[in-house]
Every structure is written in C-alpha cells, then in structure tokens.
Amino acid sequence: MPHIPFADVKFLPQNLPSEYELNKRLRRFLCRYRENMENPPDELSLSGEDHAKIERHTLRYLRTTANKSGMAHLDSKDRARLEVFRNGAKIQPVETEHRADEIASALHAEMPWMSPATDRLWRDMRTHVRNGDPAPRLRPFLLVGPPGIGKSHWARLLGKQMSVPTTVIEATSEPASFAVAGSQRGWGSAGPGKVLEGIMASGIANPVIVIDEIEKAGNVQSNAGQNFTLSEGLLPLLEISTARHWSCPYFRVGFDMSWITWVMTANSLRGLSAPFLSRCPPTELTALTLEHLIGFAEREGARRNLPPDAVDAVKEVIEAIRAPHHVSLRSVVRMLNAVEQAMSRPVLH
C-alpha cells in the first residue's frame with residue numbers, strides 16, 4: 001500500500017537531544033575549550049553567568065528547531081499524536097481497470113437500483129486508473145432519494161469493496177461542522193473532528209466518509225453570534241484544490257484530505273445551499289420496486305444461510321403489501337432478523 005505525505009509539518013529528528021542533554025553538552029564544551037586555551041583563566045569552573053548563557057543558547061536552539069517544524073504552537077501531547085504521520089499516510093489503490101470493474105459489478109449486483117451512483121463511481125475509478133493516479137480521487141457523492149432505499153448501505157459496501165475504513169456521521173445528531181472538521185481551542189468540546197481522528201487511527205488517507213441525511217443538519221451559534229453549519233464546514237474539504245492543504249482548526253496544521261471519498265445522503269435538496277450543491281451535483285435515485293425488494297431478501301437470506309422456506313415467507317410478506325414504496329430495506333432486514341432470531345431460539349421441552 002503506497003504512502004503519501006499527509007501532514008504539512010516537518011517532524012523533529014527522533015534523536016533530538018533534550019534540554020538537559022544540550023545543557024550538559026554545552027557545559028562540557030565550554031570547560032574543554034577553556035582548558036585548551038593558551039592562557040586559561042584562573043578559575044575554570046563555570047559561573048552563574050556561564051550557566052545563564054548556556055540556558056539561553058539551548059532554549060534558542062530548541063525554539064528555532066520547533067518553529068521550522070510548524071508545530072511550535074502545539075504542546076507535547078498533540079505533537080505526539082501527529083507522530084503517526086511521520087512517514088506519511090497510506091492510501092488504498094485501485095490498481096487496474098479490471099479491479100474498478102469488479103468493484104462496480106459487486107455494487108450493482110447487490111443494489112441494482114443504485115445504478116446512477118454506481119455508474120458514476122465506475123467511470124471515475126477507470127479514469128483515475130488510466131491517468132496512473134496512486135488511488136482514485138472520487139468526486140463527492142450527494143445521493144438524493146426516498147428514505148429506506150439503502151443510500152448509506154451502498155456507501156458502506158463501497159468502503160468494503162475498496163478495503164478502506166468507513167465512517168458514518170449522522171447529520172441529525174451532529175448539527176454543526178465540528179463533527180467533521182473539529183473545533184478550535186476555546187470550545188468546551190475542542191478536538192480534531194471524527195474524520196481526522198479516523199485517519200489518525202487507521203493511518204489510511206482515503207476512507208469513505210458518509211454524512212447521512214445532510215439536509216436535516218441544523219447549525220450552532222457561538223456566543224459571538226457566529227453560525228457554524230455542517231454543509232458550510234464541508235466546503236473546503238470537497239474541492240481537491242483546497243482539500244490538499246486543509247487546515248485543521250484544532251491542530252492549526254495543514255493536512256492532505258483530498259483522497260477522501262465523500263458520500264452525502266439526503267431525502268430532498270431542501271435547505272442545501274447553492275455553494276454546497278455546486279460542489280456536489282445530486283445523483284437522483286428512485287424508490288424501490290417489488291422486484292428490488294424480493295431480490296434483496298433473497299441475497300441477504302442466502303448470505304445469512306437462512307433456509308429457503310424462511311426466505312420465501314419473507315418474500316410472501318413483501319408481495320402481500322400492495323404498495324412497495326411502503327417497504328424499505330430496513331423493513332426487509334428487520335423481517336430477516338426476526339427469522340434469524342426465531343431459528344436460534346432454544347426448543348422448549
């Protein structure tokens with residue numbers, strides 16, 4: 001798995017001497033220097049003024065070194081957290097056009113009704129392979145369609161097929177941009193945000209990040225009257241030119257977030273701003289048909305190794321409902337869960 005430079009900092013040498021070690025070296029040097037002078041002073045021991053001068057030189061050296069690193073403003077704990085990026089971050093490639101075909105085919109076989117999204121993904125992946133990119137830089141997805149058709153499930157399958165971590169952020173419970181981008185010091189919940197935290201934990205720079213029901217996100221207002229909205233916080237992360245050197249408000253350090261695959265889901269476009277929609281042109285999806293629901297039940301039942309007659313019973317329930325749009329994938333999953341639990345229930349004597 002190739003590595004890319006990820007944090008816009010210069011890491012200090014791992015063998016950098018401590019303040020105590022530097023002081024010790026300078027004291028030893030000064031003593032030896034005086035001993036080798038043609039006319040050494042009568043008193044070779046170091047004075048208080050000597051010790052003060054050595055301390056000033058030590059601190060100046062350490063301060064200059066830290067300033068060159070770009071991490072002088074961070075405390076030792078936060079500098080240590082960024083050590084995971086000393087050798088960059090890993091990216092999971094899609095090596096060949098054939099592999100891109102396999103990913104798209106697996107997604108389509110599992111969720112054929114998501115073909116508008118799968119087709120765009122497939123074309124983007126093949127383009128990046130032909131360009132010789134180390135990994136696909138996929139355009140952000142905004143999947144718009146009725147609830148319960150599996151928009152988030154499609155995104156999870158994509159992460160699984162690409163062998164990268166997937167993080168799902170519920171917009172309804174994360175109303176501000178803090179969950180995605182993090183927050184600067186001064187806020188009670190100051191931190192680097194779930195996206196960067198996930199990359200720090202996995203070491204992989206191209207995860208799949210799912211923002212579920214983004215149109216329902218509210219905003220947070222600071223004491224100074226400033227609004228923080230989730231969609232606006234996403235804007236610099238959704239364009240390659242700005243995402244390459246995105247500045248984290250918590251660390252105040254730049255990171256290359258341009259490899260992330262963003263999948264936003266929405267039931268409608270109501271409440272989404274024009275700047276956001278210009279970066280994420282919506283992919284319109286339609287409601288599930290009876291054929292889609294039955295096919296999903298068959299595939300999911302086979303994956304769980306459920307008996308055919310049990311799966312047939314679930315299919316009969318689906319067919320008995322005359323309006324398929326009243327049945328969602330969640331409904332089918334709940335029915336299969338009930339069958340699975342009933343089969344595992346102990347027999348009473």
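The values are calculated or read from the model by the stated rules, or taken from the named source; none is laboratory data. These numbers were taken from a predicted model, which means no experiment stands behind them. Neighbour counts run over all protein chains shown; Cβ positions are idealised from the backbone, glycine included. Areas reflect the complete protein model, heavy atoms only, side chains present, ligands, DNA and RNA absent. Shrake-Rupley method; radii C 1.70, N 1.55, O 1.52, S 1.80 Å.
Using Cα pairs closer than 8 Å and at least 6 residues apart in sequence, work out the relative contact order for the chain, in percent.
Numbers: 520 pairs, mean separation 65.2, N = 349.
Relative contact order for the chain comes out at 19 percent.
Just SER45, SER105, SER69 to compare: in a GNM of the chain, with alpha carbon springs under 10 Å, which one fluctuates most?
Its mean-square fluctuation being the largest, the pick is SER45.
For the pair ALA342 and LEU12, what calculated FRET efficiency results from E = 1/(1 + (r/R0)^6), where r is the Cβ-Cβ distance and R0 = 56 Å, to the nearest 0.05?
0.40
Per residue, how much accessible area does the chain show when a 1.4 Å probe rolls over the protein heavy atoms, in square angstrom?
Value for the chain: 54 Å² per residue.
Quick one: among ILE204, ILE54, ILE260, which has the greatest mean-square fluctuation in a GNM of the chain with alpha-carbon springs under 10 angstrom?
Evaluated over the chain, the most mobile residue of the options is ILE54.
Near THR265, within a Cβ-to-Cβ distance under 12 Å, what is the net charge of the other residues, with Lys and Arg +1 and Asp and Glu -1?
After counting each charged neighbour, the total is -1.
If one takes the longest principal axis of the Cα atoms in the chain, at what angle in degrees, from 0 to 90 and to the nearest 10, does the Cα axis of helix 48-69 lie?
30 degrees
Under a 5 Å amide H to amide H cut-off, with H placed in plane at 1.01 Å, what residues pair with SER183 once short-range neighbours are removed?
GLY191, GLY193, TYR250
Please report the equivalent ellipsoid semi-axes of the chain, computed as sqrt(5 x eigenvalue) of the Cα gyration tensor, largest first, in whole Å. Kindly include the intermediate steps, with their values, before the conclusion.
On the way: eigenvalues 627, 98, 83 Å².
Gyration-tensor ellipsoid for the chain: 56, 22, 20 Å.
Once amide H atoms are built 1.01 Å from N in the peptide plane, which residues 5 or more positions from ILE169, or in another chain, come under 5 Å H to H?
Residues meeting the criterion, in which the H sits 1.01 Å from N, are VAL210, ILE211, ASP212.
Assigning unit charges at the beta carbon (Lys, Arg +1; Asp, Glu -1) and nothing else, what dipole magnitude in debye, to the nearest 20, does the chain show about its Cα centre?
Magnitude of the dipole: close to 660 debye.
Straight-line reach only, C-alpha to C-alpha below 22 angstrom: list the lysines that LYS24 could link to, leaving out same-chain residues fewer than 8 apart.
Output for LYS24: LYS53.
Report, ordered by chain and residue number, the lysines lying within cross-link reach of LYS151, taken as a straight Cα distance under 16 Å and ignoring same-chain residues fewer than 8 apart.
The reachable lysines, counting only those whose Cα sits under 16 Å from LYS151, are LYS160, LYS216.
If the viscosity is 0.692 mPa s and the temperature 37 °C, what translational diffusion coefficient in µm²/s does Stokes-Einstein give for the stretch 42-89 when Rh comes from Kirkwood over Cα pairs?
247 µm²/s
For an R0 of 25 angstrom, estimate the FRET efficiency from the Cβ-Cβ distance between CYS31 and LEU59 and round to the nearest 0.05.
Efficiency, rounded to the nearest 0.05: 0.75.
Among PRO146, PRO17, PRO192, which one shows the biggest mean-square fluctuation in a GNM of the chain, springs joining Cα atoms closer than 10 Å?
Result for the chain, Cα springs under 10 Å: PRO17 fluctuates most.
Counting Lys +1, Arg +1, Asp -1, Glu -1, what net charge surrounds HIS57 among other residues with beta carbon under 15 Å of its beta carbon?
+3
What FRET efficiency do you get for HIS98 and TYR20 if R0 is 41 Å and r is their Cβ-Cβ distance, rounded to the nearest 0.05?
The formula returns an efficiency of 0.10 here.
Percent of accessible area on the chain owned by carbon and sulfur, 1.4 Å probe?
51 percent
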